[in-house]
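Some notes on the structure that comes next.
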Amino acid sequence: MGSYVLSRLAQAVVVLLAVAFITFLLLHLSGDPALLLMPPDATRAQVIEFRTQMGFDRPFFEQFFQFLGRILSGDLGYSWRFQEPVLPLVLERLPATALLAVTALIFSLIIAIPVGVISAVKRDTPIDNASMVLALLGQSIPGFWIGIMLIFLFSVKLGWLPTSGWETPQSIILPAVTLGLALVGRNARLVRSSMLEVLGEDYVKAARAKGLSEWRVVNHHALKNALLPVVTVVGLELGILLGGTVVIEVVFAWPGIGMLSVQAVTGRDYPIVQAVILLSAVLFTLTNLAVDLLYTRIDPRIGYK
Amino acid sequence: MSQRIAGPGTLAEQTPPPRSAGGLSRPAEVLLGIITSKKAMFGILVILMVVICAVFSPWIAPHDPAAQSLAFRLAPMFSTAPDGTFHLLGTDHLGRDVLSRAIYGARVGLIVGLSVALIATFIGVTIGLVAGYFGGWIDAVLMRLCDVQLALPAILLAIAILAITGVSLLNIVLILALTQWVAFARVVRSATLSEREKEYVLAARALGFGSARIIYRYILPNVFAPIIVIATFAVAQAIIIEAALSFLGLGISGATPSWGAMLADGRTYLAIAPSLATIPGLFITLSVVGINLFGDWLRDFLDPKLKM
């Protein structure tokens with residue numbers, strides 16, 4: 001068990017080091033990181049001074065280790081557009097993204113769990129087929145298009161909800177529903193397949209043989225175990241959402257890290273982009289690690305495999 | 001799927017393709033499967049429509065997609081311009097015919113979707129085969145590479161790289177392929193892990209065949225079924241991401257219209273001309289639904305055990 005935890009921790013460290021390297025490499029794609037990091041109106045002398053100051057004239061790997069040292073001490077660079085260090089700027093926007101991600105995930109599970117369970121219980125009936133086609137639709141429709149259509153219907157036509165921003169509590173409804181709908185399909189299919197597997201297990205047959213009602217068999221015996229694999233996927237989804245709500249944030253002008261990074265790309269404010277990519281990867285890796293470790297608590301057999 | 005036991009030119013290669021219990025050859029079985037499944041038929045029909053739109057757009061599109069008519073901007077559906085030209089789906093903010101642009105838009109979607117799936121398949125399958133066959137530290141390194149790729153936010157990374165390197169069709173395809181290969185690598189690795197222990201691989205090793213030959217001649221054909229299924233979903237996924245990039249202003253610009261860019265333009269006129277955002281979205285959705293339905297059917301058909 002202990003060695004499993006240690007090996008997972010070591011893997012996470014390796015992944016994070018590689019992510020840091022790729023993030024570092026990103027600035028070198030243009031050939032001259034100094035040019036990329038300076039404002040477009042910077043003079044040649046300023047660029048040369050900045051290049052020396054940041055060590056961009058040093059050997060490549062020496063630069064990488066300097067970069068690594070800086071990020072480990074919490075220095076993710078300086079935004080020339082906002083005229084402040086990048087880390088507090090990104091952390092300030094992170095709660096908005098996290099709130100959106102968690103709300104969307106909860107919304108998706110509220111729909112996906114009953115749909116998945118009903119589909120599995122009513123396997124190969126028209127209800128199952130219809131649910132699975134709807135699930136496939138949910139996975140196929142681009143989120144940004146659903147978002148625009150929801151804005152048109154609920155904001156432009158009916159005037160019930162705000163079109164963008166996050167000034168009122170209702171502001172989160174449309175972006176969270178948009179983001180959640182894309183997850184409903186995948187989660188419903190996962191719950192269904194996991195439920196089908198569990199419904200064939202001996203303990204479920206035994207529960208039925210004892211004469212328990214179908215509702216009790218499904219809810220008390222099958223569902224609890226069927227949801228175990230869902231925990232892993234939901235954890236992964238949360239990790240992905242923390243760095244992957246970019247397009248939805250732009251559609252709804254949601255002030256999270258996705259919106260911040262698109263603005264930064266447009267304004268050539270690359271230290272912000274670099275920081276968001278790094279932070280998203282760290283959050284994903286840590287969430288993944290936490291889910292894996294949590295899973296060993298839920299199902300101790302995992303740690304010994 | 002049947003296992004190939006011998007190499008090229010040997011007895012196994014000279015035997016005719018396997019037949020099902022009903023006596024049908026494999027291609028006939030696939031065709032019959034498609035015809036008898038509503039899901040597969042719908043998927044194939046949609047895919048055919050998209051391919052026809054993409055290949056024959058100059059002949060199908062009623063107007064030049066780039067021709068502007070500022071005097072006839074934001075015309076609704078079923079409208080006729082003062083010069084007598086008919087616009088079935090109306091015109092956009094520059095007076096361009098929406099239907100013609102949507103038909104031409106299939107080109108970018110299809111080119112990007114197919115190219116990304118092809119490159120991602122090549123990268124992912126190679127990594128999966130090598131990791132699964134050799135195992136040990138090679139496997140560990142390659143699987144960490146997968147973890148790194150999964151940890152990086154795909155769209156954000158694509159936006160950043162495109163902004164730095166510049167937007168071009170080639171850059172978009174390469175960047176999207178780099179974000180799509182992991183699914184192939186993981187599935188192929190796990191399939192290879194089980195294949196490498198089978199007797200035909202042990203026999204090939206005993207005959208002194210090299211690793212590359214065993215991997216590509218013997219193992220690859222036996223792990224091919226899931227690859228086709230994932231490739232189908234990868235095409236759909238690439239179409240959506242390309243549209244998202246165009247929507248964010250980082251898609252292919254110029255004369256070739258793209259569905260994502262049409263959607264982004266249409267969003268500005270949502271209150272006065274909602275069809276401008278609705279129509280390209282419908283084209284994207286229909287294409288992706290068609291491809292996903294076909295992929296879904298293909299998965300069930302090739303391996304009923306995978307049916308979810």
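Kindly compute the accessible surface that chains B and A hide from a 1.4 Å probe when together, both sides summed, and give it to the nearest 100 Å². Show your work: numbers first, answer last.
On the way: alone 15830 and 16230 Å², together 28360 Å².
Roughly 3700 Å².
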- List every residue whose amide H lies under 5 Å from the amide H of A:Y78, counting only residues 5 or more places away in sequence or on a different chain, with H placed 1.01 Å from N in the peptide plane. A:V86
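How large is the dipole of the range B:173-308 about the Cα centre if only Lys and Arg carry +1 and Asp and Glu carry -1, each at its Cβ, rounded to the nearest 20 debye? Mind showing how you got there, number by number?
On the way: 11 positive and 8 negative charges, 98 e Å.
The calculation lands at about 480 debye.
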- How much accessible area per residue does the range A:26-140 have, in Å², with a 1.4 Å probe? 54 Å²
- Where chymotrypsin sites (Phe, Trp or Tyr not before Pro) fall in DSSP loop in the range B:196-270, at most 16 other Cβ within 10 Å: B:F209, B:Y269
- Helix B:38-60: inclination vs chain B longest Cα principal axis, degrees, rounded to 10, gives 50 degrees
- Accessible area of A:H220 in the full protein assembly, 1.4 Å probe (Å², nearest 10): 100 Å²
- Task: On the full set of protein chains, 1.4 Å probe, figure out the accessible area of B:V108 and give it in Å² to the nearest 10.
- Result: 10 Å²
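Could you put B:W137, A:W254 in order of accessible surface area, largest first, with the 1.4 Å probe and the full protein assembly present?
B:W137, A:W254
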- Task: Would you please give the residues with an amide H less than 5 Å from that of B:S79, counting only those at least 5 places away or on a separate chain, with H modeled from the backbone geometry?
- Result: B:H87, B:G90
- Any idea how far apart B:S211 and A:A253 come out in nm if each label point goes 7 Å out from Cα toward Cβ? 5.7 nm
- Item | Computed label-point distance, nm, for sites B:V167 and A:L35 using a 7 Å Cα→Cβ extension | 2.1 nm
- Task: Mind pulling the angle between the C-alpha long axis of helix B:169-195 and the longest principal axis of chain B? Nearest 10 degrees, somewhere in 0 to 90.
- Result: 30 degrees
- Could you please put A:F60, B:F72 in sequence from largest to smallest accessible area, using a 1.4 Å probe? A:F60, B:F72
- For every helix of n ≥ 4 consecutive DSSP H residues, a contribution of -39,500 (n - 2.57) applies; sum these over the protein assembly as shown, divide by its total residues, and give [θ] at 222 nm rounded to the nearest 500 deg cm²/dmol. -23000 deg cm²/dmol
- At 1.4 Å probe size, with no ligands or nucleic acids counted, give the accessible surface of A:D57 in Å², nearest ten. 90 Å²
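With +1 on each Lys and Arg Cβ and -1 on each Asp and Glu Cβ, and nothing else charged, work out how big the dipole of the protein assembly as shown is about its Cα centre, in Debye to the nearest 20.
Rounded to the nearest 20 debye, it is 1500 debye.
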- Message: Counting only protein heavy atoms, probe 1.4 Å: which residues of the range B:140-156 lose 40 Å² or more of accessible surface in the full assembly compared with their chain by itself?
- Response: B:R144, B:V148, B:A151, B:L152, B:P153, B:L156
- So the FRET efficiency between B:L31 and A:A45, C-beta based with R0 = 60 Å and rounded to 0.05, is 0.25
- Normalised by the residues of the range B:93-249, what does the relative contact order come to in percent, with Cα pairs under 8 Å and at least six apart? 39 percent
- Computed for the range B:90-156: size of charge dipole around the Cα centre, +1 on C-beta of each Lys and Arg, -1 on C-beta of each Asp and Glu, debye to nearest 20, value 160 debye
- Item | Separation of the A:L91 and B:E197 label points, Cα + 7 Å toward Cβ, nm | 4.8 nm
- Query: Under a 1.4 Å probe, what is the accessible area of the range A:152-305 per residue, stated in Å²?
  - Reply: 44 Å²
- Note on the structure: Lys and Arg at +1, Asp and Glu at -1: neighbours of A:P39 with Cβ under 11 Å from its Cβ sum to 0
- With R₀ set to 25 angstrom, the calculated FRET efficiency between the beta-carbons of B:V55 and B:I228, to the nearest 0.05, is 0.70
- Of B:L170, A:L68, which has the most accessible area and how do the rest follow, probe 1.4 Å? B:L170, A:L68
- Computed from every Cα-Cα pair in the range A:88-298, P(r) in 5 Å bins starting at 0 and rounded to whole percents is 1, 7, 13, 15, 16, 15, 12, 9, 6, 4, 2, 1, 0, 0
- At 10 °C and 1.306 mPa s, what whole-number value in µm²/s does Stokes-Einstein give for the translational diffusion of the range A:2-75, with Rh from the Kirkwood sum over Cα pairs? 113 µm²/s
- Of all the Cα-Cα pairs you can form in the protein assembly as shown, what percent are over 30 Å apart? 60 percent
- Task: List, in order, the whole-Hz ³J(HN,Hα) value for each residue of the range B:197-203 obtained from phi through the Karplus relation with A = 6.51, B = -1.76, C = 1.60 and θ = phi - 60°; use x for Gly and Pro.
- Result: 8, 6, 4, 5, 6, 4, 5
- For the charge dipole of the range A:88-298, defined by +1 on Lys and Arg C-beta atoms and -1 on Asp and Glu C-beta atoms about the Cα centroid, which residue among A:V265, A:G211, A:V177 has the Cα displaced farthest towards the positive pole? A:G211
- Working note, the range B:106-307: Cα radius of gyration (Å, one decimal) and Dmax (Å, whole number) are 19.7, 73
- Task: Output the DSSP H helices from chain A with an along-axis C-alpha extent of no less than 27 Å and a mean Kyte-Doolittle hydropathy no less than -0.5.
- Result: A:2-28, A:86-121, A:173-199, A:223-244, A:270-298
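The values are calculated or read from the model by the stated rules, or taken from the named source; none is laboratory data. Values in this document were obtained by computation on a predicted structure and should not be read as measured data. Neighbour counts run over all protein chains shown; Cβ positions are idealised from the backbone, glycine included. Each accessible area value is taken on the protein alone, full model and side chains, heavy atoms only, with ligands, DNA and RNA left out. Shrake-Rupley method; radii C 1.70, N 1.55, O 1.52, S 1.80 Å.
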